[in-house]
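This report concerns only the one structure given below.
Each reported figure results from applying straightforward, stated rules to the coordinates on display, with no laboratory input. Since the model is a prediction, treat every value here as computed from it, not as a measurement. All Cβ positions, even for glycine, are placed from backbone atoms using ideal geometry, and neighbour counts span all protein chains on display.
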Amino acid sequence: MEISQELLERIAESKRVCVLTGAGISAESGVPTFRGGGHSAVWKGMPFDEISSAKMVRENLGEVWEWFDYRRGILAKCKPNPAHFALVELEKKAEDFTLVTQNVDGLHGRAGTKQIIELHGNINRSRCVKCEIRFKIESSVIPHQPEKCVKCTGELRPDVILFGEMLPGGAFEEAAENAMICDIFFVIGTSAMVYPAAGLAEIARQNHAYLVEINPEITPMTNLCDEAFAGKAGEILPLIVELF
Ligand code: OAD
């Protein structure tokens, strides 16, 4: 792996680091990605963006729970990988650090990162469709039998952002503020297809951050980046973090 002189200098001078991660950072933990490798995830014959949609919550909440139970079942066997742990180290080394993730798998938190903005929610929480109160899903039992909301008896749904839904209030704004003021912005393991998350890299670039991508595949972000490492996050990220 070749690291440019420019990146070494940027790392030496950097005070603020912001990182955007996507499903690819958890791929080496055994969590399937949605896109990549020429595939797009399908469940029971349905494309993932159909089952993971606001429309499906309205029309068939049971099916949505089944899909998220299936994913929680996979996750129960997964552990954070060297890329997640490298970001824990980076948080300790950087003067100012923010991790923005599109992942709902909770693996960054399990690895030990403290400053995390979970843009798309967390698979281990449910939320009342009526009063919006949130509950931690304690049970590792699959299938999870969603009870009714204890406050208003409304139905519970997974506390994740689905296609056709707004991001949780304030989360994107906080992420964008950090993207705006950072010196180095890492884009790791995301196909950069889903907005507004992918727009964070553009915000960072407009504000003169140095953009670094880690992804084995080319994405719409690759050309915008100052440096792109074509490889696995679990192999490349620990080497980069060592340089801080
Ligand atoms: P995707 O599944 O779209 O993209 C995963 C990316 O990870 C691809 O570009 C792969 O090339 C890359 N990748 C695979 N293995 C990798 C590795 N070992 N190291 C680094 N990169 C690797 O995942 P996201 O971009 O996160 O949203 O998807 C964005 C959103 O679309 C998700 O949060 C989810 C989905 O629909 C919602 O559910 C709202």
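How much length, in nm to one decimal, is gained on full extension between residue 208 and residue 39, taken as 0.36 nm per residue of separation minus their Cα-Cα distance?
57.5 nm
Mind listing the long-range amide H neighbours of residue 210? Cut-off is under 5 Å, sequence gap 5 or more, other chains count too, H placed in the peptide plane at 1.01 Å from N.
Amide H neighbours of residue 210, under 5 Å, 5+ apart: 184, 185.
Dipole magnitude of the chain about its Cα centre, charges +1 at Lys/Arg Cβ and -1 at Asp/Glu Cβ only, in debye to the nearest 20?
Dipole of the chain, to the nearest 20 debye: 1040 debye.
Determine the percent antiparallel among the DSSP beta bridges restricted to segment 1-132, to the nearest 5. Mind showing how you got there, number by number?
Details: 4 of 13 bridges.
Roughly 30 percent of the beta bridges in segment 1-132 run antiparallel, per DSSP.
Please list 3J(HN,Hα) in residue order for segment 35-50, calculated via the Karplus relation 6.51 cos²θ - 1.76 cosθ + 1.60 where θ = phi - 60°; whole Hz, with x for glycine and proline.
10, x, x, x, 10, 9, 4, 10, 10, 6, x, 9, x, 4, 7, 8
If you look for lysine pairs in segment 96-244 that are eight or more places apart or on different chains, how many of them have Cα atoms under 28 Å apart?
6
Grab the Cα-Cα distance for residue 55 and residue 132, subtract it from 0.36 nm times how many residues apart they are, and report the gain in nm with one decimal.
So the chain would gain 26.0 nm between residue 55 and residue 132.
If you take every DSSP beta bridge fully contained in the chain, what fraction is antiparallel? Give it as a percent rounded to 5.
Bridges in the chain that DSSP calls antiparallel: roughly 35 percent.
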